[in-house]
Amino acid sequence: MPTLVRTDDVRRQNTRSIIQVLRRHGSVSRTEIVEHTGLSPATVSTITSTLITDGLLLSRSEQGQSQDTVNRRGRPRVTLALNPQIGCIVVMVMSINKLTAWLQDYSGQVLAKADDHFESRSATTDDFEHYLLRMVTRLMSQQNGHPIPLRYISLGVQGVVDAGGQTMLWSPMTTLLNLPLGEMLHKAFNVPVWVANDSNMAAEALHWQDSQRFGDDFAAIILSSGIGMGLVLKGKRFIGRQSSAAEFGHMVHAMQEGALCRCGQYGCVEAYVGDYAIWRRVSGLPETSPPVNEIDPMAMIDLARRAHEHEGVEREAYREAGRALGKALRSLFALIDPITIAFIGGGVRAFDLMEPEIRKALRHNGNMLEASDVNLYCYEDSQALIHLGCAMTTLQTLDRTLGVSE
């Protein structure tokens, strides 16, 4: 049967497209919006006029801004931009012993940044609440002149989050379970709060940055102190029935007498690929020895350098990590078919040592689809991607609360 398209649905989609252009390019003209979106000039004019009336867009004439403009005949160029005074958001990213945060206005402009170090493994529930609330208060106090009202808070965390985006169910950064982080922040600041898995947010960022490469079906795998996955299928971020799911790092690599994972189980992929696993192997410690809580990033950089310089235990540790990743991807592809993969984080410094083992495993994937030719990409700065994913997802959610794309 033919699909019926409602006028309201079309208008919402067109509005989202226009808002997206403004967030990507800042101040642009209606003509430029037409070029970027492919919408008709009449449609762009109608929608932007409504958004201006509602106070969500600012219109500015560039007449008199430059000598070229003064000398140019005809009507002055008029540009449109998102109104930053609509509100601001706080975006936080929390990992082992670290909390980083940004204050951004409605247009996406960063107004302030801050970070904090705390002993997350020994922190109590009250400690988590203290650090989170102090961070938001600290950022809001850095506004100059007329403060912009806080509209939304988002928090990307290293760990498993409930499907509703409010509770951190489990995380390697703490021994505590079921931390109600969303409730803590909402109670203190009376704004909507969203808690998200960091790998899912990295996937959102990749889609935002390069939807041609990372479109309807791909995965973002974080290689750092932990191993996480953000999975996108059919254009939608995969979320489990109860949790953020896609715990790629806790798929089974070794069935019997495997290495000890930070989650407490044995044989997980992470127990062979995570920073602590590489460090444990190079240090000559037994596989069953407890994972170290935190490793100096410079130590991991030096370890990767030694692995590149000569044959030895360092290089073999990365090869073993590649075998574990390849085996896990082979199992994943058996379920969903081969997809594009982005590897993110400090672990990609030695990806060239892991890749041959990954591709070797994929050549024996056991199905008719050629998984060994799958596209693999690397991005070292995981923090920037997680932040971008949190920010853009939060701003798009804020659009809906303001009725922009309802």
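The values are calculated or read from the model by the stated rules, or taken from the named source; none is laboratory data. Source: prediction; values computed, not measured. Backbone-built Cβ (ideal geometry, glycine too); neighbour counts: all protein chains shown.
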Exercise. Answer yes or no: is there a residue in segment 379-395 that is outside the structural domain of Ile222 (by TED's automatic domain parsing), surrounded by fewer than 19 Cβ atoms within 10 Å (Cβ to Cβ) and touching a strand residue (DSSP E or B) at 6+ places or on another chain (Cβ under 6 Å).
Key: yes
Quiz item: What do you reckon, is Leu150 surrounded by fewer than 22 Cβ atoms within 10 Å (Cβ to Cβ), over 30 Å from Cys261 (Cβ atoms), touching a Cys at 6+ places or on another chain (Cβ under 9 Å) and not assigned by TED's automatic domain parsing to the domain that holds Cys263?
Solution: yes
Quiz item: For Leu181, which of the numbered conditions (1) of a type in the set (A, V, I, L, M, F, W, C); (2) without any contact (Cβ under 8 Å) to a residue 60 or more places away in the chain; (3) surrounded by fewer than 18 Cβ atoms within 10 Å (Cβ to Cβ) fails to hold?
Solution: (3)
Exercise. State all residues of segment 21-35 that are part of a helix (DSSP H, G or I), under 20 Å from Asn83 (Cα atoms) and not aliphatic (A, V, I, L, M); if no residue qualifies, say none.
Key: Arg23, Arg24, His25, Arg30, Thr31, Glu32
Quiz item: Out of the residues in segment 208-226 that are in contact with a strand residue (DSSP E or B) (Cβ under 7 Å, 6 or more places away or on another chain) and hydrophobic (A, V, I, L, M, F, W, C), which is surrounded by the most Cβ atoms within 10 Å (Cβ to Cβ)?
Solution: Ala220
Quiz item: Out of segment 288-321, which residues are crowded, with 16+ Cβ neighbours inside 10 Å, among the acidic types (Asp, Glu) and free of Cβ contacts under 8 Å to residues at least 40 places away in the same chain?
Solution: Glu314
Quiz prompt | Filtered residue count, segment 221-242, keeping only those that are out of contact with any Leu (no Cβ under 6 Å at 6 or more places or on another chain) and over 28 Å from Gly284 (Cβ atoms) | solution = 13
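Can you name every residue in segment 126-138 that is in contact (Cβ under 8 Å) with a residue 40 or more places away in the chain and either closer than 17 Å to Ile96 by Cβ or buried (at least 18 other Cβ atoms within 10 Å of the Cβ) (or both)? If you could, list the steps in order and put the result at the bottom.
Of all residues in segment 126-138, those in contact (Cβ under 8 Å) with a residue 40 or more places away in the chain come to 128-129, 132-133, 135-136.
Selection gives Phe128, Glu129, Leu132, Met135, Val136.
On the given criteria, is Ser141 surrounded by 18 or more Cβ atoms within 10 Å (Cβ to Cβ) and small (Gly, Ala, Ser)? Spell out the reasoning first.
Values: surrounded by 18 or more Cβ atoms within 10 Å (Cβ to Cβ): no; small (Gly, Ala, Ser): yes.
Here the answer is no, as Ser141 does not meet what is asked.
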Practice problem: State whether one or more residues within segment 173-196 are under 23 Å from Glu380 (Cα atoms), modelled with pLDDT of 95 or more and outside any loop (DSSP other than H, G, I, E, B). | Solution: yes
Quiz prompt | Selection from segment 262-280 of residues that are surrounded by fewer than 20 Cβ atoms within 10 Å (Cβ to Cβ) and in contact (Cβ under 8 Å) with a residue 12 or more places away in the chain | solution = Cys263, Gln265, Tyr266, Trp279
